[in-house]
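What follows is a short report on a single structure.
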Amino acid sequence: MEKNVTRAHNFNAGPGALPLTALEQAQAELLNFNGTGMSIMEHSHRGKDYDAVHNQAIALVKELLSVPEGYEVLFLQGGASLQFAMVPMNFLPAGKQAGYVMTGVWSEKAYEEAGKLGKAFIAASAKEGNYCRIPAFDEITYDAASAYLHITSNNTIYGTEWQAFPDSKGVPLIADMSSDILSRPIDVSKFALIYAGAQKNLGPSGVTVVIIRRDLLEQANQNLPTMLKYGTYAKDNSMYNTPPTFSIYMVKLMLEWVKAQGGAVAMEKRNRQKAALLYDIIDASNGFYQGHARPDARSLMNVTFRLPNQELEKKFLEQAKQAGFVGLNGHRLVGGCRASIYNAVPYESCQALGDLMLAFQKKNG
């Protein structure tokens, strides 16, 4: 680890790991940001010092994700869970329907919220088999009159991820990318709206990043409370009210770290190496470790697996805890183990987990 700082092997599903260098910079600047004699948390969001941080964070999102012209980058609060309601509030008018592709719990929650606000339908579902796969493109059913098509790009609980994105043929494509944004390059132009809670790959909890096409903004329902309209944030550069200033500052530091590593291309290379290390051990274990996700749907962010029985799973997790591993318990809907290997999780932590898995199988297999 850098500078001999003892750090846990952090595999938490979210909030997830942050880069040590970003944390150290925040620590160094905590009492005196930019020579002002104040913490960034004490600065007015209308002042020039915070304003520079805010705009740098927006510029870095645009740069690192190659956001085309014609899009706005917004900072909101309420997490992805608020987006589940804001999307249909703004873009699901009476007389239209919105399609939702079911790939896990978070897409279910988004669909349920839409159903409270308008007409929503299931465009495709992988629920049979407990969400171990992603629906094929030809399974997705919707028509040109659909208000939008909603997907969840990565499914933290089940360890599945879209390997490519559907061509929605003119229907606005909306994606919850909370758990894999900036883990690989994406073609933002395919999407009318992307939203992502920051606490997995972009920074800490407390801020949600939204990337929205301006022509979609123009179609939004205007008869909404001010704070529930995307246009409010676009008009005032996400500063209609006080934004989560410290979270946005940390997003800036995280994005600077990603840029220094080589951007989204380098993140994908790094993430594929980490994921391959663990998946190769699972595949070579002769069934001792069993992955939940089908190989063609495996996530680069969340590696989910089971052991032969619950007793061995309990024993493995206890040994992992004693060895300094954090967050390896699987979600109750899948059970077993889950290693969330977001951008800031170092390869060395994955290597240490791989060594533990091999040693545990050798002793207990």
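The numbers here are math on the coordinates, done by the rules we state, and not lab data. Note that the coordinates shown come from a computational prediction; the quantities given were computed from them, not determined experimentally. Here Cβ is always computed from backbone atoms with ideal geometry, including for glycine, and neighbour counts include all displayed protein chains.
Please sort by residue number the chymotrypsin sites (Phe, Trp or Tyr not before Pro) in the range 1-101 whose DSSP state is loop and whose Cβ has at most 15 other Cβ atoms within 10 Å. Let's see the in-between values first.
Details: sites: PHE11, PHE33, TYR50, TYR71, PHE75, PHE84, PHE91, TYR100; in loops: PHE11.
Hits after loop and neighbour filter: nothing returned.
The label-point distance for GLN222 and ASP283, in a model that sets each label 7 Å from Cα toward Cβ, rounds to 5.5 nm. At q = 0.13, 0.22 Å⁻¹, what log₁₀ I(q)/I(0) does a Debye calculation on the Cα points of the range 211-332 give, no solvent, two decimals? For the requested q values the scattering log ratios are -0.84, -1.23.
Pull out a ≥ b ≥ c, the square roots of the eigenvalues of the alpha-carbon gyration tensor of the range 321-365, then state rounded if a/c is under 1.5, prolate if not and a/b is larger than b/c, and oblate in the remaining case. Let's see the in-between values first.
Numbers: a/c = 1.96, a/b = 1.07, b/c = 1.83.
It is oblate, given that a/c is not under 1.5 and a/b is not larger than b/c.
Residue-wise HN-Hα couplings along the range 289-306, as the Karplus relation 6.51 cos²θ - 1.76 cosθ + 1.60 with θ = phi - 60° gives them from phi, are 9, 10, x, 6, 6, 5, x, 7, 10, 5, 7, 7, 9, 9, 9, 10, 7, 10 Hz; Gly and Pro carry x.
Cross-link check: pairs LYS62/LYS259; LYS321/LYS363; LYS109/LYS314; LYS269/LYS363 evaluated at a Cα-Cα cut-off of 22 Å; pairs beyond the cut-off: LYS109/LYS314; LYS269/LYS363.
Show that you can apply the helix-only estimate: for the chain, add -39,500 (n - 2.57) for every DSSP H stretch of four or more residues, divide by all residues, and state [θ] at 222 nm to the nearest 500.
Values: 10 runs with 133 residues, N = 365.
After summing the helix terms and dividing by the residues of the chain, the value is -11500 deg cm²/dmol.
Note down the Stokes-Einstein diffusion coefficient of the chain in µm²/s, whole number, using a Kirkwood radius over alpha carbon pairs, 4 °C, and 1.567 mPa s. The Stokes-Einstein estimate is 61 µm²/s. Setting aside same-chain residues fewer than 8 positions from LYS362, which aspartates and glutamates have a Cα under 19 Å from its Cα? Excluding near neighbours in sequence, the set is ASP280, ASP283, GLU311, GLU313, GLU318.
Let me check I've understood the local charge: for PRO308, count other residues with C-beta under 15 angstrom from its C-beta, Lys and Arg +1, Asp and Glu -1. What total comes out?
Working: positive: ARG306, LYS314, LYS315, LYS362, LYS363; negative: GLU311, GLU313.
Combined, the nearby Lys, Arg, Asp and Glu give +3.
For GluC sites (Glu not before Pro), the sites in the range 43-102 that DSSP calls loop and that have at most 12 other Cβ atoms within 10 Å are GLU69.
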